[in-house]
Ligand SMILES: NC(=O)c1ccc[n+]([C@@H]2O[C@H](COP(=O)([O-])OP(=O)(O)OC[C@H]3O[C@@H](n4cnc5c(N)ncnc54)[C@H](O)[C@@H]3O)[C@@H](O)[C@H]2O)c1
Ligand SMILES: [Zn+2]
């Protein structure tokens with residue numbers, strides 16, 4: 001046997017997901033408590049702040065609140081330059097322009113390995129700025145302040161960062177856990193109705209495969225959720241975020257080295273739909289439609305009953321979420337339903353074998369290695385928008 005040296009080490013990760021109210025106004029102690037309780041090599045710690053332009057337009061006072069907050073806590077934080085505005089929304093994930101801007105700006109203000117980037121914005125913005133932070137000096141600390149429903153309950157609390165390349169979702173990305181996550185549901189009050197609803201789709205995703213009581217709670221609270229009741233939304237966000245954190249913590253594969261992707265239930269078609277719509281469909285909307293397709297499939301192959309599938313579809317619709325789209329019937333040049341290319345792309349991404357999660361029964365999950373194309377074709381051609 002040839003000589004070898006084995007390099008074996010493990011790095012434990014730990015970060016909190018905190019909940020505050022009006023976190024930059026000085027009336028709330030969440031951010032201060034987080035910084036005081038953390039052990040940083042530099043104190044005050046150098047910080048560069050990036051703000052999602054869409055969020056900043058809705059909350060014009062936030063940039064000056066942050067500056068004031070940092071000056072009032074100069075023993076904790078040394079703010080480097082003004083908060084930087086960058087575009088938000090899916091456009092900021094197109095190519096590597098935003099991560100590059102993050103790195104160039106960080107270099108200009110002389111951030112070191114011990115400094116922090118604070119990213120404040122929606123899921124797309126956090127993904128793109130997070131990628132820049134993970135690349136700068138081979139990775140510096142990122143504190144996330146998610147400002148959309150989807151980011152507060154799903155994307156912002158996890159370990160993934162990334163951008164789209166060549167129209168392919170998240171083709172360039174890294175697994176890099178944040179330093180911490182600070183959620184403030186008050187920020188959601190200015191979201192468009194479509195963005196307000198997006199987080200609810202991800203809550204259904206995780207409830208359908210992992211938590212039957214939460215699924216019933218979602219169905220029961222569909223109207224107040226759609227009607228923007230903040231306390232109902234806040235409960236949903238916390239439960240959904242907890243389920244995501246539990247999955248990352250206990251699922252055995254936080255960096256997705258294996259092929260199982262339970263939290264991608266409904267996503268093989270969602271990602272394809274997003275790119276087919278040239279990102280006119282929002283991620284949460286595409287996820288809702290993807291969940292509807294997989295529910296119908298699960299019922300067709302006997303994993304759940306038709307009544308269970310109908311129950312979930314009605315609950316999604318009662319929340320105001322879409323469960324169909326004309327793109328489902330779109331054909332490619334070979335006359336095949338274009339959406340089915342999403343299955344091939346997902347298979348390729350996983351390395352040749354499909355690993356898909358479906359509910360069986362409702363509130364629990366099963367992994368399958370194929371989906372019958374004839375059944376999917378039937379479902380897609382019968383789905384009216
Ligand atoms: N990293 C992950 O694990 C993960 C998981 C799920 C989804 N995602 C990604 O998240 C993205 C979707 O994120 P999203 O649903 O948060 O949408 P988004 O980030 O696209 O934001 C939607 C819009 O809301 C604006 N905005 C942000 N906060 C606002 C506020 N408080 N008030 C008013 N406007 C505000 C943004 O500028 C943007 O125009 C997708 O790119 C998806 O792929 C990532
Ligand atoms: Zn998603």
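Structure summary
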{"read-out": "Protection proxy ranking, peptides 102-111, 268-277, 152-161, average beta carbon neighbours within 10 Å, highest first", "value": "152-161, 268-277, 102-111"}
{"read-out": "Using alpha-carbon coordinates, inclination of helix 306-318 to the longest axis of the chain, degrees", "value": "40"}
{"read-out": "Cα-Cα pairs of the range 193-382 separated by more than 22 Å (percent)", "value": "44"}
{"read-out": "Distance in nm between pseudo-label sites at residue 300 and residue 110 (7 Å out along the Cβ direction from Cα)", "value": "6.3"}
{"read-out": "Calculated FRET efficiency for the pair residue 168/residue 220, C-beta based, R₀ 41 Å, to 0.05", "value": "0.60"}
{"read-out": "Share, in percent, of DSSP beta bridges within the range 17-189 that are antiparallel, nearest 5", "value": "20"}
{"read-out": "Cα centroid of the range 116-189 to Cα centroid of the range 337-384, whole Å", "value": "28"}
{"read-out": "Tilt relative to the chain, helix 283-300 - C-alpha long axis, 0 to 90 degrees, to 10", "value": "30"}
{"read-out": "All-pairs alpha carbon distance profile, the chain, 10 Å steps from 0, percent", "value": "5, 24, 32, 24, 12, 4, 0"}
{"read-out": "Degrees separating the helix 123-135 axis from the principal Cα axis of the chain, which is the longest one", "value": "60"}
{"read-out": "Exposure proxy ranking, count of Cβ atoms within 10 Å, fewest first, for 13, 297", "value": "13, 297"}
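Every number in this text was worked out from the coordinates using simple rules, so none of it is lab data. Computed from a predicted structure; not experimentally measured. Reconstructed Cβ throughout: ideal geometry from the backbone, glycine too, with neighbour counts over all protein chains shown.
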